[in-house]
1. Just reorder 37, 86, 53 by solvent-accessible area, largest first, 1.4 Å probe, all chains present.
2. Give me D for the range 49-94 in µm² s⁻¹, whole number, from Stokes-Einstein with Rh from the Kirkwood sum over alpha-carbon pairs, 4 °C and 1.567 mPa s.
3. Using +1 at the Cβ of each Lys and Arg and -1 at the Cβ of each Asp and Glu in the chain, identify which of 25, 104, 45 lies farthest towards the dipole's positive end.
4. With θ set to phi - 60° and the Karplus curve 6.51 cos²θ - 1.76 cosθ + 1.60, what are the ³J(HN,Hα) couplings of the range 98-115 in order, to the nearest whole Hz, using x for Gly and Pro?
5. Mind checking which lysines have their Cα closer than 23 Å to the Cα of residue 86? Skip sequence neighbours fewer than 8 apart in that chain.
6. Expressed in whole Å with the largest first, what are the equivalent ellipsoid semi-axes of the chain derived from the C-alpha gyration tensor as the square root of 5 times each eigenvalue?
7. List the aspartates and glutamates whose Cα sits under 13 Å from the Cα of residue 53, skipping any in the same chain fewer than 8 residues away.
8. Name the residues whose placed amide hydrogens come within less than 5 Å of the amide hydrogen of residue 82, ignoring near sequence neighbours (fewer than 5 apart) on the same chain.
Amino acid sequence: MPYHAGGIAARDPTVTGTDLILRTQTRTRTARPPLWKVILLNDDFTPRDFVVKVLMRVFRMTEGEAEGVMITAHQKGACVVAVYTKEVAETKAQMATEAGQIRGYPLTFTTEKDT
Ligand code: TYC
């Protein structure tokens, strides 16, 4: 039976009439790494302007972005700050939490695997 242009034989180099040609190369698929959320938790003691400054410095947010995240955490109890690979998320959460600890504030950032 003749193959016609655009059919499976035209696209698949392993199919030629009745012969099977083995592939000598394989395609490499690069999986995207799993992502982790950094979450800001509200507390009753850390000053709002300090939370904003930490968000701007550690997470490279504009003042407006940082104010929005801070207010959401303040009103709802927590807010997702950003998503990163696991190691970057954990490092940034630790740096931001430590920035509060140095000043005696209970400011806390946690990480959680993104679904
Ligand atoms: N709730 C704090 C206050 O009223 C401000 C604050 C906001 C603290 C967000 C932490 O994640 C936070 N001073």
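1. From most accessible down to least: 53, 86, 37.
2. Diffusion coefficient, whole number: 119 µm²/s.
3. The residue sitting most towards the positive pole is 25.
4. Rounded to whole hertz, the list is 5, 4, x, 4, 4, 8, x, 9, x, 3, 10, 10, 10, 10, 8, 4, 6, 5.
5. Partners within reach: 37, 113.
6. With the √(5λ) rule applied to the chain, the semi-axes are 54, 14, 11 Å.
7. Excluding near neighbours in sequence, the set is 63, 65, 67.
8. When sequence neighbours closer than 5 places are left aside, the close amide H contacts are 38.
The values are calculated or read from the model by the stated rules, or taken from the named source; none is laboratory data. No experiment lies behind these values; they were computed from the predicted model shown. Cβ coordinates were reconstructed from backbone atoms using ideal geometry, including for glycine residues, and neighbour counts include every protein chain displayed. The protein model used for the area step is the full one, side chains on, heavy atoms only, and it has no ligands, DNA or RNA in it. Shrake-Rupley method; radii C 1.70, N 1.55, O 1.52, S 1.80 Å.
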